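**Student:** Would you mind keeping the following structure in view while I ask a few things?
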Amino acid sequence: MYNKFKKLICIILTCAILLTGTVFSSFAYDAALANSIYQANTIGTLTSKSYVLIDVSSGISLLGKNQDEKYSIGYMVKIMTLLLVFDSIKAGELYLDSNINVSKNAQAAGNKGLNANKAQIDAIKNERVSVLQCLQAIGICSANDAAYLLAERIGGGSEEAFVVRMNEKAKALGMNNTLFVDSTGLNKTDQYSTAKDVAIMSQALISNYPEVLEYTKVNFGYFEHTTTGLTHTMMVSTNNLLKFYSGSDGLMSSYSLADGYSCSGTISVEGTRLLAVVIGATNEETELAEIKTLIRYGFKEFERITIDEAGTFVRSVPIKNGVKKKITAATATSFSTILKKDDFDRVKRSVVLDEDIKAPVQEGVRVGDVVYFLDDVEIGRVEIVTSQSMKKAGWFTRLIRTILSWLGLD
């Protein structure tokens, strides 16, 4: 009897190891192949259907290909889900330690994808999990059940209501070629986006809520089922960019049968954060290699430079009825931009002044703009403000100036 029991245990353990290996191997990648593709890559030889590279702080697009073409983006839909979750936290509608009752629909969403893409939350056992746990599960393993549960909570019990908010947010961000139909990306046929739009929502998420990267850059963790006593769920990152590109903060990757492998990936170097989106790579190795190629190209060919510091003198501006006829003006803020290194010498400035600036004027009052151009294309602007205060001239001074003006002597 003992030998039979021992044999049964061995069989169970063997099956568990094989099943675990299957789960892990489904997200394995050939690092040597990916590196070989990367070493051979140039910007001109990238084969993905679509891509874009942006500077995160400004949102400026540095280069792209077919970036407005519509494709299935799979699990990258969760970037918008995360954005709305953080919006809700900011608005006080949700808190990291808020506990949520697991619904049957959320559990079912976890069962629709791969085992690696779920936190294995359990409605039958009346499990309760925190918002923080769900964010960790989405960031690490793109957990469908965790994403659905948060969407359902924010949508007042309805994922459909949450999807309405997703599309409203997309419109507000200027994502003009995107349609969301679920919160998870499980639906890979009826919803679509573009490389440009994925970059827009990625940039909005990272810029407004940089703490999201604390979840997306994690390779491994456990989802603790504290309210049910179940064995903790092992979470392994489904984004191999973390392994392939040292220092990357990951973000979100996906696969769809129609459009292949896709990823939105980011890294920060010396204060400059770049983000690349690749859609439609033929395999994961190509996806990883092309993300790295784009970002490395960005850091090599582009540079961020402060063209004018805050408080830079612009000019003396005419002012009516002041103690003096002109008042000094300076930039209200610094102006920095990212451009190809050879382009900075071609940046031109144009000063646009407001009309009818009249005394009295306090220091720091807006009087116009400095507009920056590269080859006649506006690349930014900053306000010009007064750098001194000026009182109104007395009546006698104003009278003398009027007389001199009549005589053409002013």
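**Student:** If the limit is 28 Å between Cα atoms, which of Lys90/Lys217; Lys188/Lys300; Lys104/Lys171; Lys65/Lys169; Lys196/Lys340; Lys49/Lys171 go over it?
**Tutor:** From Lys90/Lys217; Lys188/Lys300; Lys104/Lys171; Lys65/Lys169; Lys196/Lys340; Lys49/Lys171, over 28 Å: Lys188/Lys300; Lys104/Lys171.
**Student:** Now a separate question. What list do you get for Met252, Met390 if you sort them by fewest beta carbons within 10 Å?
**Tutor:** If I rank by nearby Cβ atoms, fewest first, I get Met390, Met252.
**Student:** May I pose another question? Would you list Asp354, Asp345, Asp369 from fewest to most Cβ contacts within 10 Å?
**Tutor:** With the fewest neighbours first, Asp354, Asp345, Asp369 line up as Asp345, Asp354, Asp369.
**Student:** Run the dipole for the chain about the Cα centre, Lys and Arg Cβ at +1, Asp and Glu Cβ at -1, nothing else charged, and hand back the magnitude in debye, nearest 20.
**Tutor:** 660
**Student:** While we're here: Which of the listed residues, Phe313, Phe373, Ser336, is farthest toward the dipole's positive end in the stretch 309-406, when Lys, Arg count +1 and Asp, Glu count -1 at the beta-carbon?
**Tutor:** Phe313
**Student:** Using only the alpha-carbon atoms, what does the chain span along each of its principal axes? Please give whole angstrom values in decreasing order.
**Tutor:** On the principal axes, the chain reaches 120, 50, 35 Å in Cα extent.
We did not get these values from a lab; they are worked out from the coordinates using the rules stated. Since we're looking at a predicted model, the values are computed, not measured. Cβ atoms come from the backbone with ideal geometry, glycine included; neighbour counts cover every protein chain shown.
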